[in-house]
Structures are given as structure tokens and as C-alpha cells.
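Here's the structure we're looking at; comments come further down.
No value in this document is a laboratory result; all are computed from the given coordinates. Quick caveat, the model's predicted, so the values are computed rather than measured. Here the Cβ positions follow ideal geometry from the backbone for every residue, glycine too, while neighbour counts run over all protein chains shown.
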Amino acid sequence: MQIEPRHEFAYGFTSSRSTRLGVAIAIAVIGVPAGFGAGLLFGLVLAFAVNPDGDAGAVIAIPIVLALLGAGLFGVWALVNILRVTRTSAWRHGSRLTVRHVRSRTADLTRARSIEIRPTRLRWRDSGPGRTDTIPELVVIGEPAIVHMRLSTGEGQPLPPQDIAALISVLSSTGGPGAAHVVQYLSAGYR
């Protein structure tokens, strides 16, 4: 069986990327100033409640710290979600499987200590006949990382047949521990 040198999986947010990105940016644009304002107001109330004499240091420091904390929390949330939407992808190059969310994780399927299918807590977007409620994931325990690849797109739809065929092809040829069981599971039409 011939293994293609590189295969890109339909793993990320393919159909809803622009909508998800727009919502995350809109929430950031509204949320960061709102978080700053709410932190500032809460800080002023807290500063005067804790220190009714009106010590200038506390009256200024507490609201500024809480305002920056509120804005920072929204900013970090927005940044993580924007990175997650724009960077989520998966590919196989030879026998190396790479899954990228915010960070990339790569494992060589030929040197993996374990290859298995596990259930996730994520649910399918639509329920098909005979499909389980939860989305399964391929877990490759190898060096230098443990790679988790859910067997769905970012929108919760099953991976296309060509992606499953590419996984079956590489797992059949690598023969890592547990690969035969995973090939059998994928060949039977994972659900």
C-alpha cells in the first residue's frame, strides 16, 4: 500500500471560520472596554467600602488593578479563541501525525508506544443512524508528545472518507501497538 507523502485533514473550522472569527473579534472589541469599565466601577466601590476615609493610594490602585484584570481576562479569552479558530488543523507527513490547536503536537506513528480510539465529551452536531452520541478521538502516545485527534471537523461533522482512508493507509503500514484495532474500527465505519 502506497502512502502519500502529505495529507491535510479537514480538521479545523472549514465552513464556520469567518463567522466564529467575527464573533470572537466582536466580543473582544466590546468585552475588553466593558471589562475595564466594570473593573473600574467595582474597584471604586470596593476601595471606598474597604477604606471609607478615602486614602488616595487605595482609591486609585484598587480600581486600576481590577480594571486591568477585567480587560485582561477578556483580552486573553479573545486571543485564545481567535488563535483556536485560525490555527486548528491536522496533517500527516509520511508517518508523522501533527495536530495543531493553539500549539502543535506531533507524534511519529511508526515509533508510537500506543495508538488507540477513545471517546471524547464532545457531541456530534447532528445524530446519524447508528452513531454514538460522542465524537471519538485518535490518541497516539509517542515521543515527544501525546497527540489527540478528534475524528470530526471543527463543526462536529464526521471527517470525510478520504481522511479516514488516509488514516487507515498509514496505520496499516506502520503497525504500531494498537494500530490494527484502530484500523478495524475505522474500516467498520466509525460512528
Normalized C-alpha radius of gyration of the stretch 98-187, against 2.2 N^0.38 Å?
-> 1.06
Area projected by the alpha carbon convex hull of the stretch 38-191, averaged over all directions, nm² | 12.7 nm²
By the scheme Lys and Arg +1, Asp and Glu -1, what is the net charge of all other residues having a beta-carbon under 9 Å from that of L138?
-> 0
Over the stretch 17-86, with a single point scatterer placed on each C-alpha, what log10 of the ratio I(q)/I(0) does the Debye formula yield at q = 0.12, 0.23 1/Å?
-> -0.40, -0.84
Charges only on Cβ, +1 for Lys and Arg, -1 for Asp and Glu: so what's the dipole of the chain about the Cα centre, in debye to the nearest 20?
-> 540 debye
Could you list, bin by bin from short to long, the percent of Cα-Cα pairs of the stretch 64-145 in 5 Å steps?
-> 3, 12, 13, 16, 15, 15, 11, 7, 5, 3, 1, 0
